[in-house]
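K.L.:
Mind having a look at this structure? Questions to follow.
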Amino acid sequence: MSKWIDISQVLNNKLAHWPGDEPFHYETSVTKEMTDSVNIGKITTSAHIGTHVDAPFHFLNDGKRILDLDIERYIGPCKVIDLSDFDEISETAIKTKEISHVERLLIKTALPNKPDRFPEEVSPITENGAAYMQSIGVKLVGVDTPSVDKVSSKDLTGHHALFKHDIYILENVMLDQVEEGDYELIALPLALEEGDGSPVRAVIKPIEES
């Protein structure tokens, strides 16, 4: 029987964060010695730390928040593809994989999975890439980078294009050791009522042929 594969970045105090954003920090603020019964941890963090999802409110003032989103998008069959030979996730790049239909697409790029280092640049999703994803049924796309846009981008073309084509965004999945193929995905966000994003525990399991 196939086992679940954890494709999440581990949350610890060494984890790289977006420059200028709130880093992840955990501390045991109350100890068993203090209470005679329990240890209690405290977390401070950006909502976009580690492996996480974006809600439209992240880039649209009138966009939906995390709790408004359809959780069904984050659970179900997915396909992992390797586009590490391309410097952008475009229609041309995706077509090299000859995908006819998929609802959840996880994309491996040339960026090595190094959670303690924030990358200088990433492979962005282009407008025609987003449009082509919609044409083959994609409802959620996951990337192994901290953004679906260039790090230097201010207009966030990829984010807006994916929103236009009704595709949810999952970022910072760890795919270096994952082979291309078909999997089951679970990547549920926290129930953050006002959240513009949320960390997730993302796991996949190979779909075994019957």
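K.L.:
Need the failing condition index for Pro115 against (1) within 15 Å of the chain's Cα centre (by Cα); (2) without any contact (Cβ under 8 Å) to a residue 40 or more places away in the chain; (3) not in a strand (DSSP E or B), just the number.
P.N.:
Condition not satisfied by Pro115: (2).
K.L.:
Looking at (1) buried (at least 16 other Cβ atoms within 10 Å of the Cβ); (2) within 17 Å of the chain's Cα centre (by Cα), which one does Phe86 not meet, given that it meets all the others?
P.N.:
(2)
K.L.:
Taking segment 97-109 as the search range and keeping residues that are of a type outside the set (A, V, I, L, M) and touching a strand residue (DSSP E or B) at 6+ places or on another chain (Cβ under 9 Å), which one is farthest from Val122 (Cα to Cα)?
P.N.:
Ranking the candidates gives Glu103 first.
K.L.:
If you check Ser153, Ser123, which single one turns out to be in a loop (DSSP other than H, G, I, E, B), surrounded by fewer than 18 Cβ atoms within 10 Å (Cβ to Cβ), in contact (Cβ under 8 Å) with a residue 24 or more places away in the chain and among the small types (Gly, Ala, Ser)?
P.N.:
Numbers: Ser123 fails: surrounded by fewer than 18 Cβ atoms within 10 Å (Cβ to Cβ).
The conditions single out Ser153.
K.L.:
Here's another thing I want to ask about it. Within segment 89-102, track down each residue that is surrounded by fewer than 17 Cβ atoms within 10 Å (Cβ to Cβ) and in a loop (DSSP other than H, G, I, E, B). Let's see the steps before the verdict.
P.N.:
Our first condition is that a residue be surrounded by fewer than 17 Cβ atoms within 10 Å (Cβ to Cβ); within segment 89-102, this holds for 91-92, 95-101.
Scanning segment 89-102 gives Thr96, Lys97, Glu98, Ile99, Ser100, His101.
K.L.:
For segment 182-206, name all the residues that are touching a His at 6+ places or on another chain (Cβ under 8 Å) and of a type in the set (D, E, K, R).
P.N.:
Hit for segment 182-206 is Asp196, nothing else.
K.L.:
Further question: Cβ-Cβ below 7 Å, separation at least six or inter-chain, first residue in segment 37-62 and farther than 17 Å from Leu170 by Cα, second aliphatic (A, V, I, L, M) and part of a strand (DSSP E or B): which pairs?
P.N.:
Asn39/Val30; Ile40/Val30
K.L.:
I'd like the full set of residues that are outside any loop (DSSP other than H, G, I, E, B) and either touching a residue at least 60 places away in the same chain (Cβ under 8 Å) or surrounded by 22 or more Cβ atoms within 10 Å (Cβ to Cβ) (or both), limited to segment 132-150. Can you show your working first?
P.N.:
Restricting attention to segment 132-150, the residues satisfying the condition of being outside any loop (DSSP other than H, G, I, E, B) are 132-135, 140-143.
Residues satisfying the conditions are Met133, Leu140, Val141, Gly142, Val143.
K.L.:
Closer than 20 Å to Pro206 by Cβ and modelled with pLDDT of 95 or more: does that describe Gly63?
P.N.:
Working: closer than 20 Å to Pro206 by Cβ: no; modelled with pLDDT of 95 or more: yes.
Judged against the criteria, Gly63 is not a match.
K.L.:
Among the numbered criteria (1) surrounded by fewer than 24 Cβ atoms within 10 Å (Cβ to Cβ); (2) free of Cβ contacts under 8 Å to residues at least 40 places away in the same chain, which one does Glu180 miss?
P.N.:
(2)
K.L.:
Looking at Leu105 and the list (1) outside any strand (DSSP E or B); (2) of a type outside the set (Gly, Ala, Ser); (3) surrounded by 16 or more Cβ atoms within 10 Å (Cβ to Cβ); (4) free of Cβ contacts under 8 Å to residues at least 60 places away in the same chain, which single condition is not satisfied?
P.N.:
Evaluating Leu105 over (1) outside any strand (DSSP E or B); (2) of a type outside the set (Gly, Ala, Ser); (3) surrounded by 16 or more Cβ atoms within 10 Å (Cβ to Cβ); (4) free of Cβ contacts under 8 Å to residues at least 60 places away in the same chain leaves (1) as the failure.
K.L.:
Which members of segment 12-26 meet the condition of being in contact with a strand residue (DSSP E or B) (Cβ under 7 Å, 6 or more places away or on another chain) and within 9 Å of Ile49 (Cβ to Cβ)?
P.N.:
Within segment 12-26, Glu22 is the sole residue that qualifies.
The values are calculated or read from the model by the stated rules, or taken from the named source; none is laboratory data. Since the structure is predicted, the reported quantities are computational estimates derived from the model, not experimental observations. Note: ideal-geometry Cβ built from the backbone for every residue, glycine included; neighbour counts use all protein chains shown.
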